[in-house]
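J.: Sharing a structure here in C-alpha cells format.
The values are calculated or read from the model by the stated rules, or taken from the named source; none is laboratory data. No experiment lies behind these values; they were computed from the predicted model shown. Cβ: placed from backbone, ideal geometry, glycine included. Neighbour counts: every protein chain shown.
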C-alpha cells in the first residue's frame, strides 16, 4: 500500500470553487447560473465518495431534477432555506435538515433557492462506476463512461 499525502484541515469555504460551473451541455449548463461548488472530496483526494460544499444564490438551483441508478446521494442544509423538489412535490428545508436518495429509488430531486438569501449545503455521493442518471423534466440522460459524464437526448443521440 502506497502512502498518500494527507492535506491539513482548513475552512471548507477556502477550497476553490470548481472551475467549470456545470458539466451539463447547453442549454442546460446556463440554468446552473448562481451555483458554486467546492469539491471538498476531490481537494482531500477522496476516491470512494464525493463531498461538495455548494452555495446557491437567490434564484439558483442545485441541478436539474434527477435520479441516479447506481449512486447514493445525501444533502445536508447548513444555511438558508432551499426548496426540495421531488416526485412527491415541494418542501422547504431549513438549516439542519437533510435528505437522502438511495441508488435506484427513482425519486428525482433537486434544490432551488426561492429566497433572497444564499443557501449553503453539503452534498455527498458515492462514486460507483457505470452510473446512469435520469432527468424526467428534460430531454437529457447522463451515463458515467470511463470516469466522465456523457450526455444524451432521451432518444440516444449525443449532445
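J.: Which is within 16 Å of the chain's Cα centre (by Cα) and either under 18 Å from residue 71 (Cβ atoms) or in contact (Cβ under 8 Å) with a residue 40 or more places away in the chain (or both), of 121, 159?
T.: 121
J.: Related question: Would you confirm, using the coordinates I've provided, whether residue 110 is outside any helix (DSSP H, G or I), in contact (Cβ under 8 Å) with a residue 24 or more places away in the chain, more than 23 Å from residue 129 (Cβ to Cβ) and within 12 Å of the chain's Cα centre (by Cα)?
T.: Answer is yes for this residue.
J.: Among the residues of segment 29-42, which ones are surrounded by 15 or more Cβ atoms within 10 Å (Cβ to Cβ) and either farther than 20 Å from residue 148 by Cα or in contact with a strand residue (DSSP E or B) (Cβ under 6 Å, 6 or more places away or on another chain) (or both)?
T.: 31, 34, 35, 36, 37, 38, 39, 40, 41
J.: Still on this structure, please answer the following. Could you look through segment 36-64, keep only residues that are within 19 Å of residue 128 (Cβ to Cβ) and part of a strand (DSSP E or B), and pick out the one that is nearest to the chain's Cα centre (by Cα)?
T.: My answer is 52.
J.: While we're on this one: Please pick out the residue among 89, 59 that is farther than 23 Å from residue 150 by Cα, exposed (fewer than 15 other Cβ atoms within 10 Å of the Cβ) and without any contact (Cβ under 8 Å) to a residue 40 or more places away in the chain.
T.: Going through 89, 59 in turn, the sole match is 89.
J.: A further question follows. Give me the pairs, please: first residue somewhere in segment 138-152 and at positive phi, second residue anywhere and surrounded by 13 or more Cβ atoms within 10 Å (Cβ to Cβ) and at pLDDT below 95, beta-carbon distance under 9 Å, and either six or more positions apart or on two chains.
T.: What qualifies is 147/127.
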